[in-house]
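Following: one structure in structure tokens, then a few remarks.
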Amino acid sequence: MENPIKSIVIVGGGTAGWITAGVIASTLKKSAGSNYSVTLVESPDIPNVGVGEGTWPTMRNTLNKMGIRETDFIEKCNVSFKQGAKFSQWVTGDKDDFYYHPLVLPQGFHNINLAAHWGEGGNNKSFSQAVCPQEEICELGLGPKKMVTAEYAAVANYAYHLDAGKFSEFLTNHCVEYLNVKHILDNVVSVNNKDGDISSVSTKHNGDVAGDLFIDCTGFKSLLLGEHFNVPFKSCKDQLFSDTAIAVQVPYQDDNSEIASHTISTAQSAGWIWDIGLFNRRGVGHVFSSQYISEEKAKQELVDYLKESCTNTDDLNFRTINFNPGHREKFWEKNCVAVGLSAGFLEPLEASALLLVEISAQMIAEQLPTHRRAMDIVAKRFNETFLYRWDRIIDFLKLHYMLNKRSDSQFWIDHRAPETVSDYLKEQLELWKYQVPSDHDFEHALEVFPAASYQYVLYGMGFKTNANPRGLSDTSYREAQNYFDKNEKQKQEFISTLMPNRELLKKIHRYGLQKV
Ligand SMILES: Cc1cc2nc3c(=O)[nH]c(=O)nc-3n(C[C@H](O)[C@H](O)[C@H](O)COP(=O)(O)OP(=O)(O)OC[C@H]3O[C@@H](n4cnc5c(N)ncnc54)[C@H](O)[C@@H]3O)c2cc1C
């Protein structure tokens, strides 16, 4: 065959590089025999970004497909379980203002849309309390599974909180040892062309590394797609204002301190603080807009937040990361595709970055063109798919801001300005004034966040959908009541059988989970 695609070269060994290597190598191993090679070139001098601790439930499937044992991953990456996010002070800014975006779907989600019945049947509970048991599980700090639940299986849907540095090391070992990925520790110093394609990358000590497909995982540098191919960057700072993060690692008070079962996102005057409980420490950070607050003041807000739970903040090591929110105008150019920060980055509000890495790697692996002639078609489709996905993620993140009712700072006021909201999102919101979000509002295969996620955020933030003037049938009313009742029963059952997150993790470290 003319110009077959046999050799894949990934440049960059952060989480994007190693997840991509693992997904592609494990997929090809199963489907294409050994007639291919995956090589990863990683600089020994340029450090990984080192943050990125919140994930999405897709990670379970991603790791499982790579042949990783969940117990090993939990032990080696300081993992804890994540069952959603708690957004504190995002609506009014009051201390008791919060809502949850859990990972469990509303009861009976594929049979009935409970959002339409919540007002009448939810008995004054918050939307997430009325339709699923996970808010209570999180408030009580319980884990999402039992010791007898098999690896990757769940009692309540979950994702992970992980140590990003340890995760890259763990994936490196797995990919090299079990998936036959060739690892070159060297700096790429130049990119070489043939007929417009990249033919090879030159390294400082290991000569030229030739390939048929190059995957740019070089982080914010975007060495291949951005620097070599000059693909322009599209900023979305006019919609999402944050451009700086200050990250810090915080020790627990002691070995028995509670580990939160969810990401805690607490709004500040010009941004928000993430608080992620790992097995051995917390990862905390303040994401803010430098247009609205100085770095010094933002750090002070972070220190004030930490003082509520940590006695000594003087010894902590704070790290500032600047970023331009947005993405490349396209992600696949010629024989090069970018995955991870080299493709773009948005504030880590819903842990969408690693999710995008997973689904990008998956599409590359599954659609991998067999030869060069087919690549431009795959590239076009990849670009269309991911431009749509980035736009929808921007909309979904914006939703968390634009429904705020805060008047205490210009940041929150400006986030409500209609000119900062996309026409697409405006249209959805207009529709949702009259009917609750449903799967019909989303193009299934392409969606990153389902209708349920929109429901949790909308109704968590106090959005009102007018009652359907045609009324709801008695049958659907009764059916909804049954689901609300089922939810209450399930809550009690979970509360009485699930153990605290830390206790569960300690047991997993000691005994391991049952193999799938
Ligand atoms: C503040 C912050 C918080 C975040 N929180 C989350 C979160 O909660 N959840 C989430 O999903 N994501 C989060 N992210 C995003 C997440 O960290 C990244 O998506 C993820 O780590 C992937 O990074 P990467 O591999 O693309 O880049 P990097 O980690 O920067 O890796 C780049 C790699 O390229 C290599 N490289 C660069 N130049 C060369 C060269 N010339 N030659 C050879 N190698 C080279 C480097 O050595 C490195 O190995 C967060 C990001 C930030 C900034």
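Details
- Across the chain, the longest piece that holds none of the GluC sites (Glu not before Pro) lying in DSSP loops with up to 14 other C-beta atoms within 10 Å covers 3-257.
- Taking a ≥ b ≥ c as the square roots of the eigenvalues of the Cα gyration tensor, the stretch 245-322 is classed as prolate, since a/c reaches at least 1.5 and a/b is larger than b/c.
- The chain - mean residue ellipticity at 222 nm from DSSP helices (-39,500 (n - 2.57) per run, n ≥ 4, rounded to 500): -11000 deg cm²/dmol
- Cβ-placed point charges (K, R +1; D, E -1), dipole of the stretch 224-290 about Cα centre in debye, nearest 20: 200
- Dipole size of the chain about its Cα centre, with +1 on Lys/Arg Cβ and -1 on Asp/Glu Cβ: approximately 1000 debye, rounded to the nearest 20.
- For the residue pairs K234/K330; K486/K507; K166/K506; K6/K194; K86/K433, the alpha carbons lie more than 20 Å apart in K486/K507; K86/K433.
- Debye log10 I(q)/I(0) for the stretch 337-475, one point scatterer per Cα, at q = 0.09, 0.17, 0.21 Å⁻¹: -0.37, -1.01, -1.33
- Prolate/oblate/rounded label for the stretch 182-271 (Cα gyration tensor, a/c 1.5): oblate
- The chain: Rg to Rh, with Rh as the Kirkwood radius over Cα pairs: 0.96
- Amide proton proximity set for S290, modelled H, under 5 Å, gap of 5+: D243, T244
- Cα gyration tensor shape for the stretch 29-162, rounded if a/c is under 1.5, else prolate or oblate: prolate
- Pairs exceeding a 29 Å alpha-carbon distance, out of K299/K398; K204/K237; K145/K221: K204/K237; K145/K221.
- Positive-end ranking of I394, H415, S128 along the dipole of the chain, with charges on Cβ about the Cα centre, is headed by S128.
- ³J(HN,Hα) computed for each position of the stretch 75-88 - Karplus, 6.51 cos²θ - 1.76 cosθ + 1.60, integer Hz, glycine/proline x: 5, 8, 10, 6, 6, 10, 8, 10, 10, x, 10, 10, 9, 9
- Membrane-span-like helices in the chain, defined here as complete DSSP H runs extending at least 20 Å along the helix axis by their C-alpha atoms with mean Kyte-Doolittle hydropathy no lower than 0.0, are 15-31, 352-367; this is a sequence and geometry rule, not a statement about a membrane.
- DSSP-defined beta bridges in the chain - what % are antiparallel, rounded to 5: 70
- Cα-centred dipole magnitude for the stretch 245-322, charges only on beta-carbon of K, R (+1) and D, E (-1), debye, nearest 20: 260
- Farthest positive-ward along the chain dipole, Cα basis, beta-carbon charges - from G226, A480, M66: M66
- Ranking of C132, C310 by neighbouring Cβ atoms within 10 Å, starting from the fewest: C310, C132.
We did not get these values from a lab; they are worked out from the coordinates using the rules stated. It should be emphasised that the depicted structure is a prediction, and the values quoted were computed from it without experimental measurement. Every residue, glycine among them, receives a Cβ derived from its backbone with ideal geometry; neighbour counts consider all protein chains shown.
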